[in-house]
Amino acid sequence: MERDRTSEWFVPKFGPRNFRISIGILFLPYTGVVTSFAAWGSLSGSFELDRLAVICLIYFLSIGVAAHCLDAVGGKTKPWGNLPKKKLWTISMISLGIAFTIGLYYAFLDSPLLFPIGIAGGFFLFAYNLELFGGKFHNNISTIFSWGVLPVFAGSAIQTNSISIEALILSIASALITYSLIITSRKYKELKRSFGIISQINKKENTLKMITFGVICGTVIFFILRFYN
């Protein structure tokens with residue numbers, strides 16, 4: 001059973017092991033997807049460039065850094081090894097503190113809809129990654145809602161303090177993409193852990209690459225079209 005994830009496709013093949021783990025633990029392709037969903041929400045209507053950048057930064061810090069560090073602390077398996085919990089907690093809380101501080105600023109400024117979205121996001125961040133309440137929220141529905149739907153809502157809320165019809169439609173698309181990533185990633189990990197057929201592992205890996213890179217590249221194109229429209 002393979003547990004070590006330093007061989008994953010999103011982990012650098014160069015540098016010391018600690019460096020590779022530090023990058024790998026951020027799950028950058030998946031973080032990029034969630035950050036892209038936040039950008040979708042911001043781009044769904046009239047938008048300000050600084051707020052688009054802010055919501056992307058918030059999700060990079062809260063999901064890319066904080067959530068993944070907490071997952072390394074609270075996860076049942078330790079694919080990155082026994083990392084120092086104190087350091088992981090510190091990094092997570094600092095990142096989350098910055099993200100929530102920025103979010104609160106805009107919530108108090110003119111986007112109060114960010115309050116319920118932030119509370120929901122914070123709840124799932126801890127409940128899912130630390131497997132609280134007996135792991136009842138560590139499931140597909142929680143992942144789809146917190147990583148797929150909420151980022152789109154947050155992106156829309158920070159721009160207009162509302163969730164537009166366009167944002168709702170985009171949230172459906174982001175939910176479906178998140179579900180596809182969950183299913184493909186689960187099969188991919190099962191194959192790797194059981195030392196499955198290499199061609200099947202490569203096929204799942206390529207699918208994950210296509211989905212993540214497709215979302216990120218599609219977001220860049222979406223931004224360019226909206227920016228110059």
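The values are calculated or read from the model by the stated rules, or taken from the named source; none is laboratory data. Keep in mind that this is a model prediction, so the values were computed, not measured. Positions of Cβ are generated from backbone atoms using ideal geometry, with glycine treated the same way; all protein chains shown enter the neighbour counts.
Taking first residues from segment 73-102 that are within 13 Å of Ser22 (Cα to Cα) and surrounded by fewer than 18 Cβ atoms within 10 Å (Cβ to Cβ) and partners that are at pLDDT 85 or above and small (Gly, Ala, Ser), the Cβ contacts under 7 Å between residues at least 6 apart in sequence or on separate chains come to Leu83/Ala72. Residues that are touching a residue at least 12 places away in the same chain (Cβ under 8 Å), surrounded by fewer than 16 Cβ atoms within 10 Å (Cβ to Cβ) and not β-branched (Val, Ile, Thr) are absent from segment 145-160 altogether.
Condition first: among the hydrophobic types (A, V, I, L, M, F, W, C) and surrounded by fewer than 21 Cβ atoms within 10 Å (Cβ to Cβ). Now tell me which residues in segment 22-48 satisfy that. Within segment 22-48, Ile23, Leu26, Leu28 meet the criteria. Restricting segment 103-134 to residues that are under 24 Å from Val73 (Cβ atoms) and among the aromatic types (Phe, Trp, Tyr), the residue that is surrounded by the most Cβ atoms within 10 Å (Cβ to Cβ) is Tyr128.
For segment 177-217, how many residues are in a helix (DSSP H, G or I) and touching a residue at least 24 places away in the same chain (Cβ under 8 Å)? Explain how you work it out, then say what you get.
Taking segment 177-217 first, the residues in a helix (DSSP H, G or I) are 177-193, 198-217.
With touching a residue at least 24 places away in the same chain (Cβ under 8 Å) added as a condition, the list becomes 177-182, 184, 192-193, 205, 208-209, 211-213, 215-216.
Qualifying residue count for the region: 17.
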